[in-house]
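All remarks here apply to the structure that follows.
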Amino acid sequence: MPHFDLAAVLTDEFRGWLISGFLLSLELTLIVWLLALPLATFTALCRLSSLAPARWVGFALVEGIRNIPLLVHLLFWYFAVPELLPESIRAWLYEHNAEFICAAGGLTLYTAAFMAEDIRSGIRAVPITQLEAARALGFGFLASMRRIVLPQAVRIIVPPLISQSLNLWKNTSVATVIGTAELMYQAQRVETASFRGVETFTLTTLAYLSVSLIITALAVWFQRRYPVRTA
Amino acid sequence: MKAIAPVTLAAVLTGLLSMHAAVADQLADIRKKGELVCGVLGTDEPMSFIDARTRTLIGYEVDLCEAVAKKIGVSAKPRQLAVAARIPELQQGRVDILAATLTHTKEREAVVDFSLNTFVTGQRVMVRKDSGITKVAQLAGKKVVTVKGGTQEPNMRKAVPTVEVVTFETAPQAFVALQQRKAIGFVNDEVSLLDAFGKLGPAQKDYVVLTESISVEAIALGLRKNEPALKTLVNDALRELETSGQAEQLFFKWFGPSSRLKYQTRNFKIDSDRI
């Protein structure tokens, strides 16, 4: 076996590939996060709604998405969903970066399903007596939610949401299977071109780990700074 | 250790030289035993494989071996080898020549000699007919798909530096992406590509396999190094096959329209050992 030599995979060309993959992974994480959060909130509210049809929709979204492996989601979003679209939209999609858009679509749904459950649990974790007490003190419903329930819920929701963001960051690596040129894709390219699997994946591991640790540190900091207040 | 190395080297060299002396004229040895032992793979249809009915080794390379044997005036004896064992078996003298789908590479030239190229294959591109593309160079700035991990992507980029390549875990996935119009070209090894094209059935009319290859892989017979007499004779036999038209016949027998691979044209001649 050749000696471990990081320089062999850090030539200008390979480094360029790896950096572009790293940046695309970050971009994918950020875009998906921004899309998934409102969708997750909407789904959580559906599940908490007093309207039965809304609850069914929320239930179907969460269970339908969460119980299918991410790999299957992405292959479905790339190979099947575009074929169901009208010709004009499909043509537009294929003109643009279909690999990225389909990956973002699949990851958004997948991430939102998990986030929705965290948001729902967080809201439910605030004892109902808090709301009742607020109402007894003369707050209206909205004011009770805004001033009493939600501030407590956010402290409970944010740590698991950060944890879901960490999962999202790692899950972007699966997008390599549909040709999205993120970090894992570029790493495989470098490995093929350099025959340096150990070095390539050492670097890739460090890249994933560094961002993951930053997200973890953020979660720890938040929990220290804004601990859950027991009622 | 440093002091010992030259001595060891000298001993090895002496050994090699004496071995070489013992088989100085391999051609004479072959004539004496009356048979030419050809190392073939036997698992690589249609280059060399076992005929299900007769249980004998047949194929393109088996026929080439027979032609060479005929030229020498002996009988041909194909012997099956594992891929990794090909070159060692040749060097150790268990087979006389290799007809084992052996790609002629610069690295291998250090250990074996090569005959003229007996089969030239490569990687090619299938495009959708409505793309209007007829030449590889027209793929500049266009999107093509292929499989991860092989030489397809680097070779495609070498052929057309500005092409956009998207890779998938398997070749069939890339092929589906082409069929779904996610790209305008699909790059793969020629034999696999023609196989995929064959499976399209009536949809073949919508696709074209560009005749140009983006990379060339030359397959040749392998010979022990420093056997000029045998090498000359082998190359003569191959040249005669080409000039008499038999080489062309052999090609179409194993690769032509009536075969599984359905090559419509033969894009090489047995006349060179360039790679």
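The values are calculated or read from the model by the stated rules, or taken from the named source; none is laboratory data. This one's a predicted model, so the numbers in the text were calculated from it and none came from an experiment. Heads up, the Cβs are rebuilt from the backbone with ideal geometry, glycines too, and the neighbour counts pull from every protein chain shown.
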If I ask for residues that are part of a loop (DSSP other than H, G, I, E, B) and farther than 22 Å from B:V216 by Cβ, which ones from the range B:96-121 would you list? B:D96
Being modelled with pLDDT under 90 and outside the structural domain of B:L223 (by TED's automatic domain parsing) is true for just one of B:G132, B:G150. Which residue is that? B:G150
Expected single match for small (G, A, S) and either surrounded by fewer than 17 Cβ atoms within 10 Å (Cβ to Cβ) or away from chain B (no Cβ under 11 Å) (or both) among A:A80, A:A98 is A:A80
Would you mind stating whether A:I89 is at pLDDT 95 or above, assigned to a helix (DSSP H, G or I) and of a type in the set (V, I, T)? no
Scanning the range A:21-36 residue by residue, those surrounded by 14 or more Cβ atoms within 10 Å (Cβ to Cβ) and farther than 17 Å from A:V177 by Cα turn out to be A:L26, A:E27, A:I31, A:V32, A:W33, A:L35, A:A36
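So that you can scan it fast, the table gives a plain yes or no per residue for (1) touching a helix residue (DSSP H, G or I) at 6+ places or on another chain (Cβ under 8 Å); (2) within 14 Å of chain B (Cβ to nearest Cβ); (3) outside any helix (DSSP H, G or I); (4) charged (D, E, K, R):
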position: A:G122; (1), (2), (3), (4): yes, no, no, no
position: A:F139; (1), (2), (3), (4): yes, no, yes, no
position: A:R147; (1), (2), (3), (4): yes, no, no, yes
position: A:N167; (1), (2), (3), (4): yes, no, no, no
position: A:V174; (1), (2), (3), (4): yes, yes, no, no
When the residues of the range A:177-231 are narrowed to those that are farther than 24 Å from B:T167 by Cβ and small (G, A, S), which ends up surrounded by the most Cβ atoms within 10 Å (Cβ to Cβ)? A:A219
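Results for (1) of a type outside the set (V, I, T); (2) touching a strand residue (DSSP E or B) at 6+ places or on another chain (Cβ under 6 Å); (3) within 14 Å of another protein chain (Cβ to nearest Cβ), shown as yes or no for each residue.
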{"site": "A:E132", "(1), (2), (3)": "yes, no, no"}
{"site": "A:R135", "(1), (2), (3)": "yes, no, no"}
{"site": "A:A187", "(1), (2), (3)": "yes, no, yes"}
{"site": "A:V190", "(1), (2), (3)": "no, no, yes"}
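Rundown of residues vs (1) at negative phi; (2) not β-branched (V, I, T), yes/no style:
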{"site": "B:G59", "(1), (2)": "no, yes"}
{"site": "B:L64", "(1), (2)": "yes, yes"}
{"site": "B:I72", "(1), (2)": "yes, no"}
{"site": "B:R86", "(1), (2)": "yes, yes"}
{"site": "B:E89", "(1), (2)": "yes, yes"}
Please work out which residue is farthest from the other protein chains (Cβ to nearest Cβ), limiting yourself to the range B:143-160 and to residues that are without any contact (Cβ under 8 Å) to a residue 60 or more places away in the chain and in a loop (DSSP other than H, G, I, E, B). B:V160
Restricting to the range B:110-142, count the residues that are within 14 Å of another protein chain (Cβ to nearest Cβ) and in contact (Cβ under 8 Å) with a residue 24 or more places away in the chain. 4
Condition check for A:R224: part of a loop (DSSP other than H, G, I, E, B), away from chain B (no Cβ under 14 Å) and more than 17 Å from A:L6 (Cα to Cα): no
Listing of strands (runs of 3 or more DSSP E) fully contained in the range B:161-230 that carry 1 or more residues being aromatic (F, W, Y), away from chain A (no Cβ under 14 Å) and surrounded by fewer than 18 Cβ atoms within 10 Å (Cβ to Cβ): none
Residues of the range B:46-95 that turn out to be modelled with pLDDT under 95, in a loop (DSSP other than H, G, I, E, B) and in contact with a Gly (Cβ under 7 Å, 6 or more places away or on another chain), as a count: 3
